[in-house]
1. If I model a spin label as a point 7 Å beyond the Cα along the Cα-Cβ vector, how far apart are those points for residue 33 and residue 237 in nm?
2. Looking at the chain, which Cys residues are left with no other cysteine's beta carbon under 4.7 Å from theirs?
3. Could you identify which residue out of 104, 277, 258 has the top mean-square fluctuation in a GNM of the chain using Cα springs shorter than 10 Å?
4. Between residue 123 and residue 44, what is the label-point separation in nm under the 7 Å Cα-to-beta-carbon projection?
5. Provide the FRET efficiency to the nearest 0.05 for the residue 97-residue 190 pair, computing r from the beta carbons and using R0 = 22 Å.
6. Looking at the chain, what % of its DSSP beta bridges pair antiparallel, to the nearest 5?
7. Express in % the proportion of alpha carbon pairs of region 91-171 at distances exceeding 14 Å.
8. Pairs to check: 34/300; 239/271; 31/125; 31/62; 231/255; 12/34. Give those whose C-alpha atoms are more than 29 Å from each other in this structure.
Amino acid sequence: MSNSLLDIKGLKTYFYTDDGVIPAVDGVDIKINKGETVGIVGESGCGKSVTSLTAMQLTPGKVVEGSITFDGKDILSLSDKELREIRGNEMAMIFQEPMTSLNPLFTIGNQISEAIRIHLKYDKKKAKERAIAMLRKVEIPRPEEVVDDYPHQLSGGMRQRAMIAMAMACNPKLLIADEPTTALDVTIQAQILDLMRDLKETSNTAIMMITHDLGVVAEMCDRVIVMYAGKVVEQADVKTLFKDPKHPYTQGLLKSVPSIESMEKRLYSIKGNVPIPGSLKGGCPFAPRCDFAMDICREKEPILKDVKEEHLVSCFLYELDKEEAINHVTATR
Ligand code: SF4
């Protein structure tokens, strides 16, 4: 039996605007196994969120190429009705700002119960009981009272917990978490991550964790996918990626993380900005920001290749022989 849950192959999601075509996701392969937590990292505008929204068929962009298979189903060929049956049931999503998915006009209980009634076919009373049980599970105090509260009556951290309760209410196979802790203060962040880890362990839910926070990745993920300019540039298990990052972009992201040692020095930041999608003129998309760029990098685009088992990188440095690469890197330092 296959262990694969989500299999995205060669995905291209483009936006057609008055100013031209924007290739937000440009040939991405992502695989998530059952029960696995995979971090998708990169700066804003690198295509992380559009990839996840495309997986749920919630993007206004157009899929121009590729395939998305979820638990054996071809997502791109499903009808709206079939997609509605999957969303909120087998595949659920939580966002950075809970108010984007909680409706201010309905009570928390109504919103959690709705998904339970639709997908699990519970009656009103049983659905409310399950909503209360879910609020208790995400450690909301006084769940019997909070179930009748409106979103504005809860704090940011409580709203995020309520959203997780809603997302997990039907035991989804995949939870897509888009910057779930970015808007929260540090102590609440840690509590929410603990909670997600516990829920994942008890329900074997796979998590696609979209974040720019490498601390979250180190704590939560089994595997990491680094995206840049709508493409995957590196992929490895979490330990390998932190210990032996290969792509100059990944190395830059890791160097930018503040640490106790870096407190006395100026914080490192990758020079330049993420390119505006559609503005690239061929070559490696990272070349304008890369300290190691070579002539070939401006002419050809590197492709994602294995540098070690299960460690993939798209960078010409790893196509040089070892001595050439060392000489080149030393000369550019
Ligand atoms: Fe830098 Fe060239 Fe590697 Fe791109 S391919 S990351 S420009 S060395």
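Just so it is clear, none of the values below were taken in a lab; they were calculated from the coordinates. Remember, predicted model here, so these are calculated numbers, not experimental data. Counting neighbours? That spans all protein chains shown, and the Cβs are built from the backbone with ideal geometry, glycine included.
1. 0.9
2. For the chain, the answer is 46, 170, 221, 290, 315, because their Cβ atoms have no other cysteine Cβ under 4.7 Å.
3. 258
4. 4.9
5. 0.70
6. 60
7. 54
8. Over 29 Å Cα-Cα: 34/300; 31/125.
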